[in-house]
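*Asks:* For reference, the structure I am asking about is given below.
The values are calculated or read from the model by the stated rules, or taken from the named source; none is laboratory data. Just so we're clear, the structure is a prediction, and the values are computed from it rather than from any experiment. For neighbour counting, all protein chains shown are included, and Cβ atoms are generated from backbone atoms with ideal geometry for every residue, glycine included. To get the accessible areas, we keep the full protein, side chains included, count just its heavy atoms, and leave off ligands, DNA and RNA. Shrake-Rupley method; radii C 1.70, N 1.55, O 1.52, S 1.80 Å.
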Amino acid sequence: MTASVSGTTGWAGCVISEPAYVLNGQVYFVFTATDSSDTVTGIFDCQGTQTYAQVSDIALQAGTTYTVHAWCTATNDTTVLSNSATIVTEAAITPALGAAWLEMPAEMNGTEAVMTSSSTSNLFTHTYSYDSNHSYTVCYDTSTMTTYWVAYPLGSEHTAESGYRTDNWSYVSEISTNCQANIISSSYKSSASGGSNNYDRGHLLPSAARNRSVAMNDQTFYTVNIAPQNATFNQVTWNNLEAALRGLAQNGDYLYVVTGTMSPQVDDGNGSFTPERTYDNSGKEIPVPRYFYTVALKVNNENNPTSASAIGFWCTNQTHNDDYSNYAVSVDQIEQWTGLDFFVNLPDSVESSAEGNSNWSTFQNF
């Protein structure tokens with residue numbers, strides 16, 4: 001029995017001495033966390049002839065020790081168990097986050113940007129391919145293929161009135177493709193077997209917010225920057241909100257933005273709900289966010305902010321074709337609903353003053 005791990009993706013293999021006697025040709029590989037927090041099974045079909053069985057691209061928890069073994073049932077109904085191997089997955093990916101990254105959120109009451117919502121989350125930052133400037137940071141859950149949030153700066157150097165849109169849909173290299181939605185060729189489907197497109201591929205970091213170069217724009221088409229979004233909402237109300245924020249940047253403001261999704265029951269007056277599912281082009285179930293939100297910040301001085309203004313927007317993921325300002329709320333309110341602490345790198349007094357605002361005009365004119 002041999003096993004290995006790359007990041008949080010496991011691989012295992014074993015020799016089959018008598019493949020003809022493996023019932024139904026099925027060899028099972030079991031990855032069991034030694035702390036009992038996770039068990040994952042992979043299956044190999046030896047077809048009664050192959051003498052080596054293996055599985056790969058097994059999604060595992062970060063920073064966890066697993067015992068791995070293989071087993072099968074013989075044609076005489078005897079269970080055959082292999083010896084075991086031990087692997088340890090890498091700790092959660094944590095980029096170096098500087099105080100100047102004013103967009104980075106943290107868990108409520110935290111003082112640093114940390115992993116959120118799930119032990120299977122991955123936190124990583126994309127940079128422009130031609131220099132070291134960061135583009136956006138993603139908090140992504142490999143177990144549900146859900147992006148919780150993306151955080152990014154937005155200035156005139158990122159966006160142009162007319163720029164590149166590559167539509168170069170692709171996977172990120174940081175995690176296994178099996179842990180990403182297969183939406184490369186077309187959008188989400190109404191059933192596991194296909195059907196019509198029932199949700200848009202909704203960008204969290206908009207394409208037009210990174211359109212000054214091909215390298216910038218390509219990164220907005222990574223699957224981890226996408227979530228299933230109601231088509232009318234995406235193309236009207238949400239699109240107009242994105243354009244309004246982008247317009248501020250094009251006119252000389254510099255913004256720090258977090259855009260995210262929420263799917264649990266949230267006490268915002270809309271009642272409980274059963275999470276809806278959609279499907280990718282491989283038939284995998286993808287949870288549909290119940291809510292989309294954006295929070296944005298402006299400061300008077302990036303290196304030494306003494307005053308600031310912030311604004312939030314909170315929308316249900318359903319048909320909206322009205323003015324985005326109808327959905328403006330304070331950042332304080334969105335913090336209560338999400339359990340995140342936004343703009344933690346601001347001085348406390350500046351943060352407290354800025355996050356109480358819920359008026360779009362006040363934010364515009366800061």
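*Asks:* May I ask you to list the residues in the stretch 352-361 that are open to solvent by less than 70 Å² (accessible area, probe 1.4 Å) and either at positive phi or not in a loop (DSSP other than H, G, I, E, B) (or both)?
*Replies:* Here is the first cut: in the stretch 352-361, the residues open to solvent by less than 70 Å² (accessible area, probe 1.4 Å) are 354-358, 360-361.
Residues satisfying the conditions are Ala354, Trp360, Ser361.
*Asks:* Given Asn178, Asn182, which one is among the polar types (S, T, N, Q), under 18 Å from the mean Cα position of the chain (by Cα), closer than 29 Å to Thr9 by Cβ and open to solvent by 50 Å² or more (accessible area, probe 1.4 Å)?
*Replies:* After ruling out the rest, the residue left standing is Asn178.
*Asks:* Next question, about the same structure. Just checking, which of Asn300, Asn321 is in contact with a strand residue (DSSP E or B) (Cβ under 9 Å, 6 or more places away or on another chain) and open to solvent by 30 Å² or more (accessible area, probe 1.4 Å)?
*Replies:* Asn300
*Asks:* Can you tell me how many residues in the stretch 141-155 are modelled with pLDDT of 90 or more and in a strand (DSSP E or B)?
*Replies:* Number of matching residues: 9.
*Asks:* Do you know which of the residues in the stretch 150-175 that are surrounded by fewer than 20 Cβ atoms within 10 Å (Cβ to Cβ) and polar (S, T, N, Q) is nearest to Val138 (Cα to Cα)?
*Replies:* That would be Ser173.
*Asks:* Mind telling me which of the residues Arg201, Arg246, Arg212 ends up being part of a strand (DSSP E or B) and open to solvent by 20 Å² or more (accessible area, probe 1.4 Å)? Steps first, answer last, please.
*Replies:* Details: Arg246 fails: part of a strand (DSSP E or B); Arg212 fails: part of a strand (DSSP E or B).
Matching residue, one of Arg201, Arg246, Arg212: Arg201.
*Asks:* On the given criteria, is Val295 open to solvent by 10 Å² or more (accessible area, probe 1.4 Å), over 30 Å from Ser190 (Cβ atoms) and in contact (Cβ under 8 Å) with a residue 24 or more places away in the chain?
*Replies:* no
*Asks:* Can you tell me which residues in the stretch 216-239 are open to solvent by 10 Å² or more (accessible area, probe 1.4 Å) and over 28 Å from Gly339 (Cβ atoms)?
*Replies:* Asp218, Ala231, Thr232, Gln235, Val236
*Asks:* Also, quick follow-up: Which condition number in (1) closer than 16 Å to Phe363 by Cβ; (2) at pLDDT below 95 is the one that Thr259 fails?
*Replies:* (2)
Matching residues to (1) without any contact (Cβ under 8 Å) to a residue 12 or more places away in the chain; (2) more than 30 Å from Gly195 (Cβ to Cβ); (3) in a helix (DSSP H, G or I):
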residue: Thr278; (1), (2), (3): no, no, no
residue: Gly312; (1), (2), (3): no, yes, no
residue: Asp322; (1), (2), (3): no, no, no
residue: Ser325; (1), (2), (3): no, yes, yes
residue: Glu335; (1), (2), (3): no, yes, yes
residue: Val344; (1), (2), (3): no, yes, no
residue: Val350; (1), (2), (3): no, yes, yes
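*Asks:* Any residue that is part of a loop (DSSP other than H, G, I, E, B) and either under 30 Å from Phe124 (Cα atoms) or of a type in the set (A, V, I, L, M) (or both) - is there at least one of those in the stretch 11-32? First the steps, then the outcome.
*Replies:* Quick first cut of the stretch 11-32, residues part of a loop (DSSP other than H, G, I, E, B) only: 16-18.
Okay, now just the ones that are also either under 30 Å from Phe124 (Cα atoms) or of a type in the set (A, V, I, L, M) (or both), so 16.
So far as the stretch 11-32 goes, yes, one or more of its residues are part of a loop (DSSP other than H, G, I, E, B) and either under 30 Å from Phe124 (Cα atoms) or of a type in the set (A, V, I, L, M) (or both).
*Asks:* When you scan the stretch 218-226, do you find a residue that is of a type in the set (A, V, I, L, M, F, W, C) and part of a loop (DSSP other than H, G, I, E, B), even just one?
*Replies:* Checking the stretch 218-226: at least one residue is of a type in the set (A, V, I, L, M, F, W, C) and part of a loop (DSSP other than H, G, I, E, B).
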